[in-house]
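Taking it in order: structure first as structure tokens, then the write-up.
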């Protein structure tokens with residue numbers, strides 16, 4: 001083994017990922033800036049991280065159908081051009097988002113969770129992000145911040161009960177090591 005291989009192997013064996021949502025606990029920029037691991041920003045949080053001098057490793061987009069152009073303009077600002085950020089999205093991403101990423105020459109790819117007998121509903125962006133961190137980035141620790149799931153979303157819909165149901169099902173099947181910095185909102189198994 002060459003010098004330095006040991007450090008690389010340790011990194012491969014133990015990966016820490018911080019999933020950054022856009023909930024009320026999100027704006028702890030000092031914690032995020034000092035996090036020792038990969039940063040996975042979700043939707044709108046990516047832009048604010050970059051504006052505050054934090055460059056995430058990944059930005060994950062969830063699909064929305066309402067107000068898609070506002071979504072595109074807000075989540076894909078020109079400041080991303082040339083940054084070493086990898087963009088992840090669902091296979092059902094809108095043509096406008098796809099076109100914008102291609103025009104900006106952003107490195108992007110689709111993430112489709114495995115469809116197995118234990119396939120899990122990952123309809124909400126929180127579980128989609130956690131699944132990506134666990135299944136693609138091989139995270140041993142998944143830290144959450146800004147993943148506050150109580151009350152209505154920006155569209156006035158309250159998905160709390162469905163989120164809790166899906167999260168408990170995911171925990172029972174995949175058993176991720178979740179460390180919640182989001183006001184303790186992540187459901188326990």
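The values are calculated or read from the model by the stated rules, or taken from the named source; none is laboratory data. The model shown is predicted, which means the values in this text are computed figures rather than measured ones. Virtual Cβ from ideal backbone geometry, glycine too; neighbours counted across all protein chains shown.
State whether the residues of region 45-65 include one that is at pLDDT below 85, at negative phi and assigned to a helix (DSSP H, G or I).
Checked against the condition, which is being at pLDDT below 85, at negative phi and assigned to a helix (DSSP H, G or I), region 45-65 yields no hits at all.
I need every pair where a residue in region 98-110 that is touching a residue at least 12 places away in the same chain (Cβ under 8 Å) has its Cβ under 8 Å from the Cβ of a residue that is part of a helix (DSSP H, G or I), sequence separation at least 6 or different chains.
Once the first residue is touching a residue at least 12 places away in the same chain (Cβ under 8 Å) and sits in region 98-110, its partners that are part of a helix (DSSP H, G or I) give 100/72; 104/78; 104/80; 106/80; 108/101.
Tell me yes or no: at least one residue of region 128-146 is over 13 Å from the mean Cα position of the chain (by Cα) and either modelled with pLDDT under 80 or buried (at least 17 other Cβ atoms within 10 Å of the Cβ) (or both). Talk me through it step by step, then tell me what you get.
At the first step, the residues of region 128-146 found to be over 13 Å from the mean Cα position of the chain (by Cα) are 138, 140-141.
Still in the list and also either modelled with pLDDT under 80 or buried (at least 17 other Cβ atoms within 10 Å of the Cβ) (or both): none.
No, region 128-146 contains no residue that is over 13 Å from the mean Cα position of the chain (by Cα) and either modelled with pLDDT under 80 or buried (at least 17 other Cβ atoms within 10 Å of the Cβ) (or both).
Name the single residue that is modelled with the highest pLDDT among those in region 11-44 being surrounded by fewer than 16 Cβ atoms within 10 Å (Cβ to Cβ) and closer than 18 Å to residue 177 by Cα.
36
Answer yes or no: is there a residue in region 94-109 that is modelled with pLDDT under 80, crowded, with 19+ Cβ neighbours inside 10 Å and either in contact with a strand residue (DSSP E or B) (Cβ under 8 Å, 6 or more places away or on another chain) or not in a helix (DSSP H, G or I) (or both).
Yes, because at least one residue in region 94-109 is modelled with pLDDT under 80, crowded, with 19+ Cβ neighbours inside 10 Å and either in contact with a strand residue (DSSP E or B) (Cβ under 8 Å, 6 or more places away or on another chain) or not in a helix (DSSP H, G or I) (or both).
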